[in-house]
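A.B. asks: Below are the C-alpha cells for one structure; questions will follow.
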Amino acid sequence: MPELPEVETLARGLQRELAGRRVLSVELGKTDFMDNPGEIERELPGTRIERVERYGKFMLLRLQRWVAAGGAKQESALLVHLGMTGTMVPRPVNEPRAKHTHLVGLLDDERELRYIDPRRFGRIAWLAGEKLQGELLRFGADPLQISLGEFAERIRGRRARIKAMLLDQGVLRGVGNIYADESLWKARIHPARIGARLSVEQIKKLHGALQQILQRAIVLRGSSISDFLDAEGEPGEYQLHHKAYGREGKHCYRCKTPIRRIVVAGRSSFFCPNCQKAQRGMKSGRRVKPVVGRRAAKGAMKVALRKG
C-alpha cells in the first residue's frame, strides 16, 4: 500500500491542481469501500476544496461551504486512503473514464476529480466537526515532525518489537513496511529487537535514518512497486534506491552479506544478518504468513484501514 512518501507526493500534486476549485456534482460507482456514500453524495457538491494534505497514509481534502444563515463557514473533509490499487486524478470532462472509476466529482473548471480503484481496498469517508477530529486523534505523531525526545519516549515506553512499533499507526502515522525496513537497515537495527531495549544512540540513529529516508523518498516521488502513480500519472523512483526491502538473497550494500527475510508483526521484514545483529538468544526464523483468499484479504484490509 502507498506509504507516507507516496501519499505526500500525490497530495502535493493534487494541491497544485485542486486548491480553490469547487465541486459542482458527484457521481458514485461501487461504494462498498466508502464509509458513508449517502453523505458523500449529499455533502460534497457545493463545497470548495481549500487544500489537499497528507495525514499519515491518508489524504485529506479539506472542504469549506458557506452556510446561508449568518454567512458562517462549515469545515469538513474527504478522507481518502488509496488501498493497494487506488488513485485520485483530475481529468478533462471529455476524456473517457477509466474502468473501475468509483467516484467522480465535477469541478468548476470543466474537469472531473476521479477516484479509480480496481480492487477497492481503499477507503473514502466524508467527515466534519467532532467526527473529523475524533478520526484524526486515533493516529500517532508524524514521523517527519516528531522530535528526538518524543520519538525516544514512544519507542522506549513499550515492550514491542521495533518493526511492530514503526508500523503501528497509533505510534507513528504514515510509516509502512518499505520505509520501516529501509530505516532499520540504515540504523543497523534488527527488526525484531525490543524497542524498550534499544540504546539512546540506537534510537538517535533510527530517528535520523527514518526522517532522512522519508524526505529523500518524497524528493524521488515515492516507491512504485506495482500500481502507484503521482498526480501526473508518473511512477516514483525511490524503488531504485532500496537497500533492504524486497532484496532477499541479494548482497548487502555495506558488507555483501545476503539480505534475509523474516516475518515480524505479521509482515515480511528484510534485513542484513551481519549489519543488523539479532538480540542474544533470539532466533531469526523464516516463518511466512500463508496466502489468503480475496474475500479474507479484503476483510483484513478494511480492518487495517480503520486502524490506520
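A.B. asks: Relative to the present Cα-Cα distance, how much length would full extension add between SER268 and GLN145 at 0.36 nm per residue of separation?
C.D. replies: 41.6 nm
A.B. asks: Using every Cα-Cα pair within the range 1-134, state what percent have a distance larger than 26 Å.
C.D. replies: Percentage above 26 Å: 14.
A.B. asks: How far, in nm, would the chain grow between VAL93 and LEU220 when pulled straight, counting 0.36 nm per residue and subtracting the alpha carbon separation?
C.D. replies: Once the chain is fully extended between VAL93 and LEU220, it gains 42.7 nm.
A.B. asks: Under a point spin-label approximation (7 Å from Cα along Cα-to-Cβ), what is the GLN64-HIS100 distance to one decimal in nm?
C.D. replies: In this crude spin-label approximation the distance works out to 3.6 nm.
A.B. asks: I want to make sure I understand the PRE zone here: with the label point 7 angstrom from the Cα of ARG48 toward its beta carbon, which residues in the range 107-133 have backbone N atoms less than 18 Å away?
C.D. replies: Hits in the range 107-133 for ARG48 at 18 Å: 107-110.
A.B. asks: Report D for the range 120-159 in µm² per second (integer): Stokes-Einstein, Kirkwood Rh on Cα pairs, 4 °C, 1.567 mPa s.
C.D. replies: In µm²/s, the coefficient rounds to 102.
A.B. asks: Need the full-extension length gain, LEU240 to ASP32, defined as separation in residues times 0.36 nm minus the C-alpha distance. One decimal, nm.
C.D. replies: That works out to 71.4 nm of additional length.
Read-outs throughout are calculated quantities, based only on the coordinates presented, and are distinct from any laboratory measurement. Keep in mind that what you see is a predicted model, and the values were worked out from it rather than measured. Note: ideal-geometry Cβ built from the backbone for every residue, glycine included; neighbour counts use all protein chains shown.
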